[in-house]
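Here's the structure we're looking at; comments come further down.
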């Protein structure tokens, strides 16, 4: 029984590590950014989509239960983690939470949900 627990934890370790990375980056008061505000905006929003899309992918591939209901559960976990990340940023000096960032997180998760579903077939 212990072996199965360790194997399961090992499969989820990349996703947990990714979540720690997200939390750590959100704790930095001011991230480096391009001088051009258009590039800055685009880069940050693409980063939100990439980071949360990757979180979805890591959780998806960690599980052996790749059903539609599990995909919905992972989607919810990722969006809730995005919400908690925005809440966390409200306590970091120099950072502000934005509901639109949660929207970009959700777009990234949605894109990866479609891709992983497509690849599964």
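Can you tell me the FRET efficiency between residue 5 and residue 63 if r is taken as the Cβ-Cβ distance and R0 is 25 Å, rounded to the nearest 0.05?
Once rounded, the FRET efficiency stands at 0.95.
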**Complete:** With bins of 10 Å, the percent of all Cα-Cα pairs of the chain per bin from 0 is 13, 41, 30, 13, 3, 0
**Request:** May I ask for the angle, rounded to the nearest 10°, between helix 2-26 and the longest principal axis of the chain, with both axes built from Cα atoms and the value confined to 0 to 90°?
**Result:** 10
**Prompt:** Distance in nm between label sites at residue 25 and residue 47, each 7 Å beyond Cα in the beta-carbon direction?
**Reply:** 0.6
**Complete:** If one compares the long axis through the Cα atoms of helix 99-120 with the longest principal axis of the Cα atoms of the chain, the angle in degrees, nearest 10, works out at 30
**Asked** Fully extended, how many nm does the chain gain between residue 118 and residue 98 (0.36 nm per residue separation, minus their Cα-Cα distance)?
**Response** 4.1 nm
**Item:** Residue-span extension gain [residue 12 to residue 36] - 0.36 nm each, minus C-alpha spacing
**Value:** 4.8 nm
**Asked** How far is helix 37-62 tilted, in degrees, relative to the longest principal axis of the Cα atoms in the chain, given as a value from 0 to 90 rounded to the nearest 10?
**Response** 10
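All of the numbers you see were taken from the coordinates with simple rules; none came from a lab. Predicted model, so just to flag it, every value in this text is computed and none were measured. A quick note on method: Cβ atoms are made from the backbone with ideal geometry, for glycine too, and the neighbour counts reach across all protein chains shown.
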